[in-house]
Amino acid sequence: MSEPSVHLHIDGVAVEVPAGASVAAAIATSSEVAPRFRRSRSGQPRAPLCGMGVCFECRVTIDGAAHQRACLTVAREGMQVRCDD
Amino acid sequence: MTEHCDVLVIGAGPAGLAAACAAASHGAKVVLVDMQPRAGGQVWRQDLRKPAVATARAAFAEVSARPDIRCLQQAQVVAARPGHVLIEHAGTAMELRYRALVLATGARELLLPFPGWTLPGVTGAGALQALVKQGWPIAGKRVLVAGSGPLLLAAAATLQAHGAQVLAICEQAPAAQLRGFAMQLWRWPSKLIQAAGLRTRLAGVPYRSGTWVRAASGDERVTEVEIESARGVERIACDHVAVGYGLVANTELAQKLGCELTMQDPHPHVRVDTRLMTSVADVYAAGEACGIGGVDTARIEGAMAGCFAAGADKEAEALRARRDHARAFAELLPRHFALRKQVHLAATPQTVVCRCEDVSLSQLQGQADWRAAKLATRCGMGSCQGRICGAALAELRVFDSTLAVSNAPNPNPVPPTPAASAQGARPPVFPTRLASLAGTFSSERESSENQSIAQK
């Protein structure tokens, strides 16, 4: 029996994750080599630090809404996620 | 939109769930507000692939079975004043009015700067545990778990259960201090059983005391970590470094309400009286917000606070002995997991301290206090609102005034960080959309609020 999954797009790339997974997990799944989340003011790559919605390092654009915390958002079918905002 | 309730509970971790159930069982109409998508807080964070522990399942079941508890998940507190809390939920702003409020806002990890700590792949220890429970791919990855405190074992066990290769658990405390901690655990049998269980599950993972992280390196993500111990410096290739230095209480909402805080050198928690009431009437607090005490303390204090908030004082008092015993455990933690100087000294002048504004440690040196640092560097003024760098700078005692506060009794100490400064508590409690702020608390209400702040 396979677990139910949802399909979303991370910077245009289709990703499949288990139902209930966070957008942060989906981004990490989309590129396990070096997941992209955001760039700092001086251009350094950044990714989740606190895992619980406090640090804001995982913020991305979800369905056009900027500055959404990927760790607090559950991945939904058809979601469009844009990183490096 | 405005909603009324008897008891409003903020936070759906063990303390908040217990508070909501206790208050409802004494006839109160309860609203439970939580920021995460699912109840449980951090310690009972639900795992996609594994069932929750029995106590957590029972708490979830009771909350959902009670018609008199309305549970608002993914709801964020924006602003608050006694009697009113403004939240953002499902894209709209909502004002909640309460007769009694229970703050069960929990704690966050203490995350300290070291060279390379901003690299992707470097997280808190509990942080990686939380991410993995929500589907973060960890199978086959090489992870070094480091920092301090009992949470490291729990995090490592979760990572291993999800297929990670845990290279080692590096605890900065020396072996003698850890033995002292273990010798005390018989007084809390549930903790002893839990610790023994974790050690058994992690039998193949080296547990290294007196070992700390010096630096992490890599290009677009971490590829190597540098640890130090009496053996000297070692470099270890890895995919993740999960490093947390214990917990600090979340006090922002309490501050916004004007609740007095207590400094537990150098981090604040909410001060409560014997009835778990804060310095603000009808505002109670329970669990980690009142000082780090663990899940057992949180559950008992949550139940007590819920009873007091619903006027069931007798039932609350019946829990007092259990609460005092659970709280005594809290005293062990700072004693046995005190951070060594080398952990504080890991950050170099070039190390970024404020991750939101890219402010380095050298930019902060010479600043008299937090306020001066903010004005000169924007440190603490980014999205996290100083939640990460505030606690780190307090722990590192970067500003002279921090030392003055912790060492000398001063009736009007200069608040060292936003976390300790009631005057610094301004809305929003969390960054929010302008639409959520506009027109919800009326201008008349806000001005009376500002007056009451000015009078303090």
For B:ILE169, which of the numbered conditions (1) more than 18 Å from the chain's Cα centre (by Cα); (2) open to solvent by less than 10 Å² (accessible area, probe 1.4 Å); (3) touching a residue at least 40 places away in the same chain (Cβ under 8 Å) fails to hold?
(3)
Go through B:ASP6, B:ASP34 for me and flag whichever is under 19 Å from B:ALA90 (Cβ atoms) and charged (D, E, K, R).
B:ASP34
Give the residues of region A:27-85 that are in contact (Cβ under 8 Å) with a residue 40 or more places away in the chain, outside any loop (DSSP other than H, G, I, E, B), within 10 Å of another protein chain (Cβ to nearest Cβ) and open to solvent by 40 Å² or more (accessible area, probe 1.4 Å), sorted by residue number.
A:VAL74
Out of all the residues in region A:3-10, is one or more part of a loop (DSSP other than H, G, I, E, B), out of contact with any Ser or Thr (no Cβ under 6 Å at 6 or more places or on another chain) and facing chain B (nearest Cβ under 9 Å)?
yes
Look through B:ALA20, B:ALA79, B:ALA75, B:ALA24 and report the one residue that is open to solvent by less than 10 Å² (accessible area, probe 1.4 Å), within 12 Å of another protein chain (Cβ to nearest Cβ), among the small types (Gly, Ala, Ser) and touching a strand residue (DSSP E or B) at 6+ places or on another chain (Cβ under 8 Å).
B:ALA75
Could you count how many residues in region B:104-132 are in a strand (DSSP E or B) and over 27 Å from B:GLY302 (Cβ atoms)?
2
B:ALA12 being part of a loop (DSSP other than H, G, I, E, B), open to solvent by less than 10 Å² (accessible area, probe 1.4 Å) and in contact with a Leu (Cβ under 9 Å, 6 or more places away or on another chain)
yes
What number of residues within region B:141-189 are farther than 25 Å from B:ARG335 by Cα and in contact with a His (Cβ under 7 Å, 6 or more places away or on another chain)?
2
Quick check on my filter: what residues within region B:99-132 are open to solvent by 10 Å² or more (accessible area, probe 1.4 Å) and of a type in the set (Ser, Thr, Tyr)?
B:THR105, B:THR118
Take B:GLY149 and decide whether it is open to solvent by less than 40 Å² (accessible area, probe 1.4 Å), on the phi > 0 side of the Ramachandran plot and assigned to a loop (DSSP other than H, G, I, E, B).
yes
List the pairs whose first member sits in region B:1-18 and is more than 15 Å from B:ILE87 (Cβ to Cβ), whose second member is assigned to a strand (DSSP E or B) and open to solvent by 40 Å² or more (accessible area, probe 1.4 Å), and whose Cβ atoms are under 9 Å apart, counting only residues at least 6 apart or on separate chains?
B:ASP6/B:ARG99; B:VAL7/B:ARG99
Does region B:362-374 hold any residues that are of a type in the set (A, V, I, L, M) and buried (at least 19 other Cβ atoms within 10 Å of the Cβ), and which are they?
B:LEU364, B:ALA373
Check B:VAL53, B:VAL63 and return the single one that is out of contact with any Asp or Glu (no Cβ under 7 Å at 6 or more places or on another chain) and surrounded by fewer than 18 Cβ atoms within 10 Å (Cβ to Cβ).
B:VAL53
Which condition breaks for B:ALA347 when tested against (1) away from every other protein chain (no Cβ under 13 Å); (2) at pLDDT 95 or above; (3) touching a strand residue (DSSP E or B) at 6+ places or on another chain (Cβ under 8 Å); (4) surrounded by fewer than 20 Cβ atoms within 10 Å (Cβ to Cβ)?
(4)
Only one of these conditions is not met by B:ARG214: (1) of a type outside the set (A, V, I, L, M); (2) open to solvent by 40 Å² or more (accessible area, probe 1.4 Å); (3) within 26 Å of the chain's Cα centre (by Cα); (4) at pLDDT below 95. Which number is it?
(4)
Tabulated pairs, region B:188-204, first aliphatic (A, V, I, L, M), second open to solvent by less than 60 Å² (accessible area, probe 1.4 Å), C-beta under 6 angstrom, 6+ apart or interchain:
B:LEU192/B:LEU185; B:LEU198/B:LEU153; B:LEU198/B:ALA157; B:LEU202/B:ALA156; B:LEU202/B:ALA157
Check B:ARG45 against each of (1) over 12 Å from B:LYS133 (Cβ atoms); (2) in contact (Cβ under 8 Å) with a residue 40 or more places away in the chain and name the one condition it does not meet.
(1)
For region B:133-146, which positions are open to solvent by 10 Å² or more (accessible area, probe 1.4 Å), touching a residue at least 24 places away in the same chain (Cβ under 8 Å), part of a loop (DSSP other than H, G, I, E, B) and within 26 Å of B:GLY294 (Cα to Cα)?
B:GLN134
With the condition kept exactly as written, say whether any residue in region B:123-140 is closer than 30 Å to B:SER362 by Cβ and of a type in the set (Phe, Trp, Tyr).
no
Only listed residue being part of a strand (DSSP E or B) and modelled with pLDDT of 95 or more, chosen from B:VAL85, B:VAL63, B:VAL78:
B:VAL85
Could you name every one of the helices (runs of 4 or more DSSP H) located completely within region B:312-393 that has at least 2 residues being acidic (Asp, Glu) and without any contact (Cβ under 8 Å) to a residue 40 or more places away in the chain?
B:313-317, B:320-336
Considering each of B:LEU151, B:LEU101, B:LEU86 in turn, give the residue that is more than 18 Å from B:VAL9 (Cβ to Cβ) and either in contact (Cβ under 8 Å) with a residue 40 or more places away in the chain or within 11 Å of chain A (Cβ to nearest Cβ) (or both).
B:LEU151
Is at least one residue of region B:300-311 surrounded by fewer than 21 Cβ atoms within 10 Å (Cβ to Cβ) and either more than 18 Å from the chain's Cα centre (by Cα) or of a type outside the set (Lys, Arg) (or both)?
yes
Checking A:VAL13 against (1) free of Cβ contacts under 8 Å to residues at least 24 places away in the same chain; (2) among the hydrophobic types (A, V, I, L, M, F, W, C); (3) farther than 24 Å from B:CYS384 by Cβ; (4) within 11 Å of chain B (Cβ to nearest Cβ), the condition it does not meet:
(4)
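The values are calculated or read from the model by the stated rules, or taken from the named source; none is laboratory data. Everything quoted here is computed from the prediction, not taken from an experiment. Here Cβ is always computed from backbone atoms with ideal geometry, including for glycine, and neighbour counts include all displayed protein chains. Protein only, heavy atoms only, side chains kept; ligands, DNA and RNA dropped before computing areas. Shrake-Rupley method; radii C 1.70, N 1.55, O 1.52, S 1.80 Å.
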